[in-house]
Amino acid sequence: MILLLAAITTAGDLSGMVDAYLTKIAESHWAARKAEIAALRTPAQIAARQQRVRDAMLRSIGGWPARTPLLPKVTGTLHRQGYRIEKLTYESLPGFRVTANFYIPNGAGPFPAVLGVAGHSNEGKAAEIYQRGWIGMVRRGIAVLAYDPPGQGERSEYWDANANRSRVGIGTREHTMAGLQCMLTGTSIARYEIWDGVRGLDYLLTRPEIDPVRIAVAGNSGGGTQSAYLSALEPRLAAAAPSCYITSWEKLWFKPGPQDAEQNFWGFIRDGLDFPDFLTAYAPRPVKMLTAIQDFFPIDGARASYAEASAIFAKLDAREKVGFFEYDDTHGWSKPRREETYRWFEKWLLGREGDGKEAESTAEKPETLNVTATGQLATSGGSETVASLNRKRAEEMYPNRAAARRGADIAALVRKRLVFETPGAVSAKKIGDAPGGGEQLLIATEPGITVEAVLYQRPGAKRTLLVLDPQTKAPAPEGDSNVCYLMVRGWGASAPPKTTSSGYGASYQTFMRAYLLGRTMAGMQSTDVMAAIRYLESRGFRSISIHGEGSGEALALYAGLLNPNIVSVHRAGRIPTFLEIARMPDHNGLLELIVPGVLADFDLSDLEKALGSRYAR
């Protein structure tokens, strides 16, 4: 048995090929976007872009949920000098409990308020750097509703009670675990995070202590992300101060690259959007970017986004309402950025100029701020999770999927959902011999993409088998069929490295680059399969069948639907269906199978049925 790639990689380095291909596409979108921004001159044009940004964001997250009763419950109160902290929960969706600390100044009010969005931290709202910010604001007469995002603080959604920890890792890992499942239903974990904030604002409006026209949002890192999203989508906010998030995709693309699931919108770059559009969508209300020069969110991108936003605000006669602050330190809501936040909110919420100096304060022990008895919703009465809500959505969608309708054109559904592109001219070259009489080939499936194959031709053979298996080890086949082992883009020598310096898997980041461009890995890989079939046909090979293993099983099904001349499709049957993935409590190693929104249209069983007698499991 020989490793398929043994000699092919000597003919040329294919590492980085897929990312380079995607980068060229991104660059074309960035260039087009710059021309669009330069053409914005009037308030009407800017208003049209603002609506375009909001529409694109809402499409990507699957739209707004319905408003349901908040059912707030106060579980305790802490009295401190000059303020009190109410410990409470509210339900942003039925059964989806949000844990929050409500910092309220002493006095009658009404007070301005801030939605305090925690960044990625184990303690969520109770992390020391966030507590100091909430205390700094409440001491200035600004109430703060500080809440845990899903997967942080008291809202771990994968809690192992026996081990007293998350099964997958608090914060980014929990977000991405649930986030990939959300993609199957055409939604995003960002939908749930944003909605928590929207309903938090709804809660503030029920409190007589709060001035309804002076409510702002602030957060850092993951909280900066949510602050930016809320400012773009929530018209009731009076001011915003996102910290350590806004940069530009052109600068972030590789260093460090796409990050958590909620930080990537489907087709965002394809649609001509970028980070400064969050600020543009908020104009002309006051917003201040807070940045760190040594942040992993590149400072050059932050400066460029601020420059673009400043020009937009100036065209709306609101130049003074967009601000920028940078400090030469690393990522985090450090004291300089907290103090600049105080200054910004004092100006726009309190109508005064303050020095922003942060007085000494004593942070509470995280357990003191716990809303729940055990420190976790999972062991204090339970809660819906992003995964459980998404599972219910998937199960509701499934009976109504397009493929279940009489007369559905399944092949058309596959083309649409995969964003499949029919290959054009295909070329190939032989670069060596494989043991057993095979040819080692490089096949150019489209400009910028070359894939590997090993072809065994049997004299007089009337049948050809195309094998799709990311783990292929290609023995010289037995029998009387021609056999072609194909490694599509992202497999073999073109597979991304296992790890990256960013801490995110390289395959994950490649997947997300495609996602931002409105492309799917399955669609691009299907283009490779169809190009390889075209190449085989050009050499006179006929009666082609396909065998799939692993993620190649799905590609085999797609190919059978996309090319009715395929004689038969066989798959090993080891991969789960899309509905099964959506139902999994945990999942790993299924990234290549994820197709955004697929459950609205079909599942793998629908493809098997559509193939009829050509499907042979």
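The values are calculated or read from the model by the stated rules, or taken from the named source; none is laboratory data. Because the structure is predicted, anything quoted here is derived from the model rather than measured. As a convention, Cβ positions derive from the backbone with ideal geometry for all residues, glycine included, and neighbour counts pool all protein chains shown. Remember, those area values only see protein heavy atoms, side chains included, never the ligands or the DNA or RNA. Shrake-Rupley method; radii C 1.70, N 1.55, O 1.52, S 1.80 Å.
Based on the mean of other Cβ atoms within 10 Å per residue, sort peptides 91-101, 343-353 so the most packed one is first.
Going by the mean number of other Cβ atoms within 10 Å, highest first, we get 91-101, 343-353.
Farthest toward the dipole's positive end in the chain, which of 171, 394, 404, given Cβ charges of +1 (Lys, Arg) and -1 (Asp, Glu) about the Cα centre?
404
Tell me, Kirkwood radius of the range 257-382 from alpha-carbon pair distances, in Å?
This gives a value of 17.5 Å.
Quick one: angle between helix 128-138 and the longest Cα principal axis of the chain, in degrees between 0 and 90, rounded to 10, please.
Taking the Cα atoms of the chain, the angle to 128-138 is about 40 degrees.
Antiparallel DSSP bridges in the chain: what percent, to the nearest 5?
Antiparallel: roughly 50 percent of the beta bridges in the chain.
Given R₀ = 60 Å, what would the calculated FRET efficiency be for residue 539 paired with residue 161, taking r from the Cβ atoms and rounding to 0.05?
Efficiency computed from Cβ-Cβ geometry: 0.50.
Using the alpha-carbon atoms, what tilt in degrees (0 to 90, nearest 10) does helix 521-538 show relative to the longest principal axis of the chain?
20
Please list, ordered by chain and number, the residues whose modelled amide H lies under 5 Å from the amide H of residue 159; skip anything fewer than 5 residues away on the same chain.
Correct list: 167.
Using a 1.4 Å probe and ignoring any ligands, DNA or RNA, find the accessible area of residue 123 and quote it in Å² to the nearest 10.
Taking all protein chains as shown, residue 123 has close to 80 Å².
What's the carbon and sulfur percent of the chain's accessible surface, probe 1.4 angstrom, rounded to a whole number? Intermediate results must be reported in sequence, preceding the final value.
On the way: 11710 of 22960 Å².
Answer for the chain: carbon and sulfur cover 51 percent of the accessible area.
On a 1.4 Å probe surface of the protein chains, which of 498, 315 comes out largest in accessible area, and what is the full order?
I get 498, 315, largest accessible area first.
Grab the DSSP H runs of the chain that are 4 residues or longer, score each as -39,500 (n - 2.57), total them, divide by all residues and round the 222 nm result to the nearest 500 deg cm²/dmol.
My calculation for the chain gives -10500 deg cm²/dmol from helical runs alone.
Can you tell me the orientation of helix 222-233 relative to the chain, as the angle in degrees between its alpha-carbon axis and the longest Cα principal axis, to the nearest 10?
It works out to around 90 degrees.
Rounded to the nearest 10 Å², what accessible area does residue 429 have for a 1.4 Å probe in the complete protein model?
Its heavy atoms expose roughly 120 Å² to the probe.
So, by mean Cβ neighbours within 10 angstrom, what's the order for 203-209, 601-607, 399-405, 274-280 with the highest one leading?
274-280, 601-607, 203-209, 399-405
Taking only the C-alpha atoms, wrap a convex hull around the range 479-587 and report its volume per residue in Å³ as a whole number.
Dividing the Cα hull volume of the range 479-587 by its residue count gives 144 Å³.
Given a 1.4 angstrom probe, what's the average accessible area per residue across the chain, in square angstrom?
37
Where does the range 1-128 land on the Kirkwood hydrodynamic radius, alpha-carbon pairs, in angstrom?
The Cα-based Kirkwood calculation yields 21.4 Å.
State the answer as a single residue: which of 424, 594, 279 lies farthest towards the positive end of the charge dipole of the chain, with beta carbon charges of +1 for Lys and Arg and -1 for Asp and Glu, about the Cα centre.
The one lying farthest along the dipole's positive direction is 424.
Report the calculated FRET efficiency for residue 39 and residue 307 (r = Cβ-Cβ distance, R0 = 22 Å), to the nearest 0.05.
Numbers: r = 17 Å, r/R0 = 0.76.
With a Förster radius of 22 Å, E is 0.85.
Roughly what percent of Cα-Cα pairs across the range 211-279 reach past 16 Å?
That tail contains 49 percent of the Cα-Cα pairs.
So if the hydrodynamic radius of the chain is defined as the Kirkwood radius over C-alpha pairs, what does Stokes-Einstein give as its diffusion coefficient at 20 °C and 1.002 mPa s, in µm² per second?
D = 82 µm²/s.
Order 66-74, 519-527, 578-586 from most to least packed using the mean count of other Cβ atoms within 10 Å.
Ranked by mean Cβ neighbours within 10 Å, highest first: 519-527, 578-586, 66-74.
Going through the cross-link list 34/288; 73/365; 255/357, which pairs have a Cα-Cα distance over 28 Å in this structure? Walk me through the intermediate numbers first.
Values: 34/288 23 Å; 73/365 22 Å; 255/357 34 Å.
Where the Cα-Cα span goes over 28 Å, the pairs concerned are 255/357.
Nothing charged except the Cβ atoms of Lys and Arg (+1) and of Asp and Glu (-1): what's the magnitude of the dipole of the chain about its Cα centre? Round to the nearest 20 debye.
1060
Among all the lysines, which ones have a C-alpha under 29 Å from residue 609's C-alpha, if same-chain residues fewer than 8 places away are not counted?
Answer for residue 609, where 29 Å is the Cα cut-off: 392, 416, 462, listed by chain and number.
Give me the percent relative contact order of the chain, please, defined on Cα pairs under 8 angstrom at least 6 residues apart.
16
Would you work out the relative contact order for the range 73-147, in percent, from Cα pairs under 8 angstrom that are 6 or more residues apart?
Computed value for the range 73-147: 31 percent relative contact order.
Compute the distance from the alpha-carbon center of the range 301-378 to that of the range 83-154, in whole Å.
Taking the Cα centre of the range 83-154 as reference, the centre of the range 301-378 is 14 Å away.
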